[in-house]
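J.: Take this structure, written in structure tokens, and hold onto it; I'll ask about it next.
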Amino acid sequence: MRPNTSYKGVATAYEAGVGDGACLFGASPDMMIAAMNTTDYETSRACGAYVLVRASNGKSITVRITNECPLPCAPGQIDLSQQAFAKLADLKVGRLPITWSLVSPGSIGTMSIRYKTGSSAYWCGIQVIGHRNPVARLEVRTGSGWRSLPRTSFNYFISADGSGCGKAIRVTDIYGEQLTVSGLAVLPNVVQATQVQFARH
């Protein structure tokens with residue numbers, strides 16, 4: 001998923017429940033959400049991205065990516081929550097030709113960090129929540145400098161040997177902006193607020 005790029009595809013609809021999904025954000029505060037096809041999901045790189053969906057009938061809506069839509073979802077396809085699809089067309093339509101592109105919304109607070117259940121000083125998973133732009137990289141401060149952590153398909157960055165767990169965290173978005181967060185304890189499954197947010201683009 002690249003900035004300033006328009007993608008063509010089709011919109012479908014699914015029953016999104018409380019809005020949780022493969023990104024493991026938890027229940028969504030609103031249901032303007034969607035699942036991204038596996039190709040464009042990019043091993044959870046699309047998680048939390050805001051996407052402007054334009055339907056062939058002239059209507060449009062902005063949704064947040066919270067889930068993955070596996071095959072038979074095709075490249076370019078977005079599976080919208082039923083509530084989001086209904087803003088574009090009647091659910092009975094089923095499949096709707098669309099174009100979509102990444103957007104950087106204005107009205108958004110600061111981002112948060114969550115350590116995965118089971119995290120400790122010896123192993124931890126770190127998740128970024130509420131970020132304005134897609135997250136490209138997450139690093140942790142270690143004794144020998146910054147270390148980039150591998151990202152999982154379930155949207156956590158993992159330090160398998162515990163290095164950096166509980167230390168400063170540096171998050172980079174797809175535009176290259178870096179934000180550093182420090183002073184967070186390893187509190188498993190607790191959403192910890194920060195004072196930072198990526199710039200609009």
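The values are calculated or read from the model by the stated rules, or taken from the named source; none is laboratory data. Predicted model only: the values in this text are computed from it and were never measured. With ideal geometry, Cβ positions are generated from the backbone for all residues, glycine too; neighbour counts draw on all protein chains shown. All accessible areas refer to the heavy atoms of the entire protein, side chains included, with ligands and DNA or RNA removed. Shrake-Rupley method; radii C 1.70, N 1.55, O 1.52, S 1.80 Å.
J.: Restricting to segment 13-25, name every residue that is over 12 Å from the mean Cα position of the chain (by Cα) and either under 21 Å from P150 (Cα atoms) or open to solvent by 20 Å² or more (accessible area, probe 1.4 Å) (or both).
T.: A13, Y14, E15, G17, V18
J.: In addition: Hey, could you check segment 89-141 for residues that are more than 23 Å from C73 (Cβ to Cβ) and of a type in the set (F, W, Y) and say which is least open to solvent (accessible area, probe 1.4 Å)?
T.: Here the answer is Y115.
J.: Testing P70 on (1) open to solvent by 40 Å² or more (accessible area, probe 1.4 Å); (2) modelled with pLDDT of 95 or more; (3) not acidic (D, E), one condition comes back false. Which one is that?
T.: All conditions are met except number (2).
J.: Among residues belonging to segment 26-60 that are in contact (Cβ under 8 Å) with a residue 40 or more places away in the chain and over 18 Å from the mean Cα position of the chain (by Cα), point out the one that is farthest from D173 (Cα to Cα).
T.: S56
J.: Report, by residue number, each residue of segment 90-114 that is outside any loop (DSSP other than H, G, I, E, B) and either farther than 13 Å from T194 by Cβ or of a type in the set (K, R) (or both).
T.: Residues satisfying the conditions are L91, K92, V93, L96, P97, I98, T99, W100, S101, L102, V103, R114.
J.: Could you tell me which numbered condition A86 fails, if it satisfies all but one of (1) open to solvent by less than 70 Å² (accessible area, probe 1.4 Å); (2) touching a helix residue (DSSP H, G or I) at 6+ places or on another chain (Cβ under 9 Å); (3) farther than 21 Å from N155 by Cα; (4) not in a strand (DSSP E or B)?
T.: Against the list (1) open to solvent by less than 70 Å² (accessible area, probe 1.4 Å); (2) touching a helix residue (DSSP H, G or I) at 6+ places or on another chain (Cβ under 9 Å); (3) farther than 21 Å from N155 by Cα; (4) not in a strand (DSSP E or B), A86 comes up short only on (2).
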